[in-house]
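**Q** Provided herewith is a single structure, encoded as structure tokens, for subsequent inquiry.
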Ligand code: 4NP
């Protein structure tokens, strides 16, 4: 089982949407028995909450189901997940600090858009203080970045699908 964790700040907008997109794609590819995904936030702002209603609406508009409840990244995540993927630089910095504090100094943390050639270092922008269009924008960014991530991960693990 390859375990993938998507991480943003609040775990109510970007990362649960990434998780839903990823789950949809692996199901389509018939790879759902080989992957397990989850999402989490670096903050404790929205623990136990459903995704933002704009996230849920965006997911529904794009044919995705969500059943996630907000949670904060914890120590065992660094042990349990093969791929921990941050949405932006802030998340990346926080995760790189946490991995040292939790004694996983060698754990590689990935940045979502680094999987897309030409988009290295760019953020999946935080849509929280914006409008619904921002959610559609991050949906498209995530959709593409996850396609690229899947190409890479299938190659690394020699999965042919
Ligand atoms: P997310 O968006 O990190 O994509 O879930 C945010 C959600 C909540 C807050 C900020 C960003 N907040 O400040 O509460």
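Read the figures in this text as sums done on the coordinates, not as results from a lab. Keep in mind that what you see is a predicted model, and the values were worked out from it rather than measured. When we count neighbours, we look across all protein chains shown, and the Cβ atoms used for this are built from the backbone with ideal geometry, even at glycine.
**Q** Return yes or no: is residue 48 free of Cβ contacts under 8 Å to residues at least 40 places away in the same chain, in a loop (DSSP other than H, G, I, E, B), within 14 Å of the ligand (Cβ to nearest atom) and surrounded by fewer than 22 Cβ atoms within 10 Å (Cβ to Cβ)?
**A** On the way: free of Cβ contacts under 8 Å to residues at least 40 places away in the same chain: yes; in a loop (DSSP other than H, G, I, E, B): yes; within 14 Å of the ligand (Cβ to nearest atom): yes; surrounded by fewer than 22 Cβ atoms within 10 Å (Cβ to Cβ): yes.
Considered against the rule, which asks whether it is free of Cβ contacts under 8 Å to residues at least 40 places away in the same chain, in a loop (DSSP other than H, G, I, E, B), within 14 Å of the ligand (Cβ to nearest atom) and surrounded by fewer than 22 Cβ atoms within 10 Å (Cβ to Cβ), residue 48 comes out as yes.
**Q** Could you give me the residue pairs with C-beta distances under 9 Å whose first residue belongs to segment 116-140 and is farther than 21 Å from residue 61 by Cβ and without any contact (Cβ under 8 Å) to a residue 12 or more places away in the chain, whose second residue is more than 14 Å from the ligand (Cβ to nearest atom) and part of a loop (DSSP other than H, G, I, E, B) wherever it lies, and which are 6+ apart or on separate chains?
**A** 122/116
**Q** Condition check: touching a strand residue (DSSP E or B) at 6+ places or on another chain (Cβ under 6 Å) and either closer than 18 Å to residue 20 by Cα or in a helix (DSSP H, G or I) (or both). Does residue 91 satisfy that? Full working, then the answer.
**A** Details: touching a strand residue (DSSP E or B) at 6+ places or on another chain (Cβ under 6 Å): yes; either closer than 18 Å to residue 20 by Cα or in a helix (DSSP H, G or I) (or both): yes.
Criteria met by residue 91.
**Q** Taking segment 1-30 on its own, how many of its residues are more than 12 Å from the ligand (Cβ to nearest atom), touching a helix residue (DSSP H, G or I) at 6+ places or on another chain (Cβ under 8 Å) and under 19 Å from residue 85 (Cα atoms)?
**A** Step one: filter segment 1-30 for residues more than 12 Å from the ligand (Cβ to nearest atom), giving 1-5, 20-30.
Among the residues that remain, those that are also touching a helix residue (DSSP H, G or I) at 6+ places or on another chain (Cβ under 8 Å) are: 2-5, 20-22, 25-26, 29.
Imposing the further condition that a residue be under 19 Å from residue 85 (Cα atoms) reduces the set to 2-5, 20-22, 25-26.
Residues in segment 1-30 being more than 12 Å from the ligand (Cβ to nearest atom), touching a helix residue (DSSP H, G or I) at 6+ places or on another chain (Cβ under 8 Å) and under 19 Å from residue 85 (Cα atoms): 9 in total.
**Q** Please give the number of the condition residue 31 fails out of (1) over 19 Å from residue 127 (Cα atoms); (2) crowded, with 21+ Cβ neighbours inside 10 Å.
**A** Condition (2) is where residue 31 drops out.
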